[in-house]
Amino acid sequence: MDATYDVVVVGSGFGGGIAACRLAEAGQKVCVLERGRRFAPADFIEDPSDAPRLLWHEKVNPGGLFDVRPLTDVIVLSGAGVGGGSLVYANVQLRARKEIFETGWPEAIRLPELDPWYTLTEEALEPRPTPPDPALPKVRAFAAAGRHANREASLLPIAVHFGEAREHPFSGVHQEGCQNLGR
């Protein structure tokens with residue numbers, strides 16, 4: 001680690017990662033501080049009974065993935081690792097419904113102000129539901145859970161490229177298609 005930097009970014013999640021990238025592209029010498037570790041594919045569990053080992057705790061399990069914070073009116077789930085919230089958000093990309101903003105939100109945060117940003121991120125990330133082919137066990141399990149609850153399971157749009165390798169139309173960066181490795 002160097003002794004000096006132009007910028008220190010705390011956290012490697014969506015905000016920190018993008019800020020660090022843009023600052024580095026602009027020629028700044030950037031240091032990113034992250035409390036969690038880098039997770040490899042083998043670090044993710046196969047058996048749901050192993051879920052407790054994924055819970056992050058500062059002293060008991062500092063190598064965990066999920067930082068769960070129960071507050072008075074909400075439970076906050078965040079990622080503790082390289083990638084921050086991107087580790088736990090499952091790529092779901094939805095626009096907030098208008099009625100969400102009707103009570104309890106600051107006046108300055110309204111859907112008309114957010115709509116252009118939703119559009120921009122949708123153009124960049126191209127969210128869509130998981131395609132039916134190949135048939136994935138997790139999609140079948142999701143549908144079965146819906147049936148068990150007497151509900152129809154609806155697949156949500158996710159920000160995943162399911163096609164062949166390409167140059168991303170928004171950024172021009174090379175992007176591989178989904179290999180169905182997500183767990």
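Observations
- Among (1) of a type in the set (Ser, Thr, Tyr); (2) within 20 Å of the chain's Cα centre (by Cα); (3) more than 24 Å from Ala159 (Cβ to Cβ), the one test that Ser49 misses: (2)
- Identity of the residue in the stretch 123-169, over 19 Å from Gln93 (Cα atoms), of a type outside the set (A, V, I, L, M) and outside any helix (DSSP H, G or I), that ends up farthest from the chain's Cα centre (by Cα): Asn150
- Remark: pairs (first residue in the stretch 150-177, without any contact (Cβ under 8 Å) to a residue 24 or more places away in the chain and surrounded by 12 or more Cβ atoms within 10 Å (Cβ to Cβ); second residue of a type in the set (A, V, I, L, M) and part of a loop (DSSP other than H, G, I, E, B); Cβ separation under 8 Å; 6+ apart in sequence or on different chains) = Gln175/Ala165; Gly177/Ala165.
- Among the residues of the stretch 1-54, those that are open to solvent by less than 50 Å² (accessible area, probe 1.4 Å), of a type in the set (A, V, I, L, M, F, W, C) and part of a loop (DSSP other than H, G, I, E, B) comprise Phe39, Ala40, Ile45.
- Selection over the stretch 69-95 of residues that are assigned to a loop (DSSP other than H, G, I, E, B), open to solvent by 30 Å² or more (accessible area, probe 1.4 Å) and not polar (S, T, N, Q) gives a count of 9.
- Counting only residues that are surrounded by 13 or more Cβ atoms within 10 Å (Cβ to Cβ) and more than 24 Å from Glu126 (Cα to Cα), the stretch 96-111 holds 1 of them.
- Leu94 being without any contact (Cβ under 8 Å) to a residue 60 or more places away in the chain and among the hydrophobic types (A, V, I, L, M, F, W, C): no
- Scan of the stretch 55-68 for residues that are among the hydrophobic types (A, V, I, L, M, F, W, C) and part of a loop (DSSP other than H, G, I, E, B), ordered by number: Trp56, Val60, Leu65
The values are calculated or read from the model by the stated rules, or taken from the named source; none is laboratory data. Worth saying up front: this structure is predicted, and the values here are computed from it rather than measured. Cβ coordinates were reconstructed from backbone atoms using ideal geometry, including for glycine residues, and neighbour counts include every protein chain displayed. Only protein heavy atoms, including side chains, enter the accessible area calculation; ligands, DNA and RNA are left aside. Shrake-Rupley method; radii C 1.70, N 1.55, O 1.52, S 1.80 Å.
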